[in-house]
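A.B. asks: Have a look at the structure that comes next, please.
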Amino acid sequence: MLVRRWVEQILESESKGGFLLFFAALLALFLANSPWAASYFALKEVPVGLRIGEFALEKPLVLWVNDLLMALFFLLVGLELKRELLVGELREVRRAGLALSAALGGMAVPAGLYLLLNAQGAEARGWGIPMATDIAFALGVMALVPGVPLGLKLFLLTLAIVDDLGAVLVIALFYTEGLNLGALAWAGAVLGLALLLNRLGVRWLWPYLLLGLPLWYLILKSGLHATLAGVLLALAIPLRLPRPFQGATREEEPEALELELETLEEEVEGAQSPLHRLEHSLHPWVAYAILPLFAFFNAGVGLAGLSLGSVAFGVALGLLLGKPLGILLGAWLALRLGLGMLPEGVGFKGILAVGFLAGIGFTMALFIAGLAFAGELLDQAKVGVLGASLLAGILGFALLRGFQARASRPEAL
């Protein structure tokens, strides 16, 4: 029950954050095509700096959002990945096989379709854009449909987490320019110190978070994208529990039972690992502040005079067709080969609907687009992401609602 309640809290946080994300994106698009467009684009380029003695770091405001605040988003992604791999759905491959296979198909097919239209030149760098799924938007749309089985929500959640891992690997391996080996070595030393603290059993969060600051700066200077520091730091956050969770052991009088319930609450709080505490603390900040800010600063694109080229069509094709096709194919292969099983109450109709919801790329897709392109190609990629994400959300919602409405008896969705 505790696990179910905790999962439902995450789903609720993600889905509510999706609505705020949508509003921020609409506001950005409105401002970028309004009489205040010049002020909007100028705001993104406002220089913001930090100086301490001889040390100075100055970047445009949009890059502080994309490089620093999004590092907290990636920290949350890393915490979710570590939890799922060690104690969650991804711990047993057989149990998670369906979502793993579906996620791999949902990354490979969109990238392949994009490259069909953009096999050469600078445009080819955008192949990673349609691989991404925006979990907040996807769960937000799913939340609009009543009665969706919990198994289908967990399938989407697990699929999106694997998808995030794929996006992190793609960014690290394919969207990194020249490396500064000296800065990378120092970053490795800082990460090693954080891992040592974990090994020594340090359960306070503040030493890890303090080490996260130099780790972020050194990753920034190394040539890797600074947000990867968040994923690396998550590896060091302890997941071990301080003591065995005992729970209630007696059945006595009401007064004794009330006292035992209070003790039980204290045990639940004390049994939370540092990873769970940090993940729980980060969720509202990421869902309600960081991601909407990212959307506001990155979704705005001027549409006047913009010509839609192969980049926009490749991104749209990958998200709208590649995602549902790849996820459906991956899920079918997993079941065919005996590598996974359908969750209770879930059928291929539900998998297809989730495939379209996964075509809502938005946050990670815009993020990779910013790494792959600049100028007109970046604007094309943004239009492809925004247009395809909107259509994918509408189609996913319509399919999910239609399947639910036709379920006149208990039937697998």
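A.B. asks: Size of the range 362-401 along its principal axes in angstrom, Cα-based, largest extent first?
C.D. replies: Projected onto the principal axes, the Cα atoms of the range 362-401 cover 39, 16, 8 Å.
A.B. asks: Under 1.5 on a/c is rounded, so check that first for the range 49-128, then, if it is not, pick prolate when a/b is larger than b/c and oblate when it is not; a ≥ b ≥ c are the square roots of the alpha carbon gyration tensor eigenvalues. Show your work: numbers first, answer last.
C.D. replies: Values: a/c = 4.61, a/b = 1.32, b/c = 3.49.
Oblate shape, in that a/c is at least 1.5 and b/c is the bigger or equal ratio.
A.B. asks: Which whole-number value in Å² is the accessible area per residue of the range 144-243, probe 1.4 Å?
C.D. replies: On the way: 4590 Å² over 100 residues.
For the range 144-243, the solvent-accessible area averages 46 Å² per residue.
A.B. asks: Tell me, what is the per residue accessible area of the range 291-338 in Å², probe radius 1.4 Å? If you can, show how the numbers build up before the last one.
C.D. replies: Details: 1890 Å² over 48 residues.
I get 39 Å² per residue for this part.
A.B. asks: At 1.4 Å probe size, with the rest of the protein present, what percent of the exposed accessible area of the range 291-334 is carbon and sulfur atoms?
C.D. replies: On the way: 1240 of 1510 Å².
Answer for the range 291-334: carbon and sulfur cover 82 percent of the accessible area.
A.B. asks: May I pose another question? What accessible area per residue, rounded to a whole number of Å², is obtained for the range 73-133 using a probe radius of 1.4 Å? Mind showing how you got there, number by number?
C.D. replies: Working: 2340 Å² over 61 residues.
Each residue of the range 73-133 exposes 38 Å² on average to a 1.4 Å probe.
A.B. asks: Around Leu165, under 11 Å between beta carbons, what's the net of Lys plus Arg minus Asp minus Glu among the other residues? Before the final figure, lay out the partial values.
C.D. replies: Numbers: positive: Lys82; negative: Glu80, Glu84, Asp163, Asp164.
Overall, the nearby charge balance is -3.
A.B. asks: Using Cα pairs closer than 8 Å and at least 6 residues apart in sequence, work out the relative contact order for the range 288-413, in percent. Can you show the working numbers first?
C.D. replies: Values: 135 pairs, mean separation 46.6, N = 126.
Dividing the mean separation by the residue count of the range 288-413 yields 37 percent.
A.B. asks: What are the chymotrypsin sites (Phe, Trp or Tyr not before Pro) within the range 133-204 that DSSP puts in a loop, where the Cβ has at most 12 other Cβ atoms within 10 Å?
C.D. replies: Numbers: sites: Phe137, Phe155, Phe174, Tyr175, Trp186, Trp204; in loops: Tyr175, Trp204.
Those that pass, being in a loop and sparsely packed, are Trp204.
A.B. asks: Let a ≥ b ≥ c be the square roots of the eigenvalues of the Cα gyration tensor of the range 109-208; is it rounded (a/c under 1.5), or, if not, prolate (a/b larger than b/c) or oblate? Display every interim value, and only then the final one.
C.D. replies: On the way: a/c = 3.70, a/b = 1.18, b/c = 3.13.
Oblate is the answer for the range 109-208, as a/c is 1.5 or above yet b/c matches or exceeds a/b.
A.B. asks: Now for a different question. How do Ile161, Ile52 rank by accessible surface area computed with a 1.4 Å probe, from largest to smallest? Intermediate values should be presented prior to the final figure.
C.D. replies: Details: Ile161 5, Ile52 115 Å².
Output order, biggest surface exposure first: Ile52, Ile161.
A.B. asks: As a test of reading the structure, rank Arg199, Arg51 by solvent-accessible area (1.4 Å probe, protein chains only), most first.
C.D. replies: Values: Arg199 200, Arg51 170 Å².
Reading off the accessible areas and sorting them downward yields Arg199, Arg51.
A.B. asks: Rounded to whole Hz and in sequence order, give me ³J(HN,Hα) for the range 379-395 from the Karplus expression 6.51 cos²θ - 1.76 cosθ + 1.60, θ = phi - 60°, writing x for Gly and Pro.
C.D. replies: Couplings: 4, 4, 4, 4, 4, x, 5, 5, x, 5, 5, 5, 5, 5, x, 5, 5 Hz.
A.B. asks: Given a 1.4 angstrom probe, I'd like the percentage of the accessible area of the range 92-225 that is carbon and sulfur, rounded to a whole number. Walk me through the intermediate numbers first.
C.D. replies: On the way: 4180 of 5840 Å².
Whole-percent figure for carbon plus sulfur exposure: 71.
The values are calculated or read from the model by the stated rules, or taken from the named source; none is laboratory data. Everything numeric in this text was worked out from a predicted model, so none of it was measured. In this analysis, Cβ positions are derived from the backbone assuming ideal geometry, glycine residues included, and neighbour counts consider all displayed protein chains. The accessibility values were calculated without ligands, DNA or RNA, using every heavy atom of the protein model including side chains. Shrake-Rupley method; radii C 1.70, N 1.55, O 1.52, S 1.80 Å.
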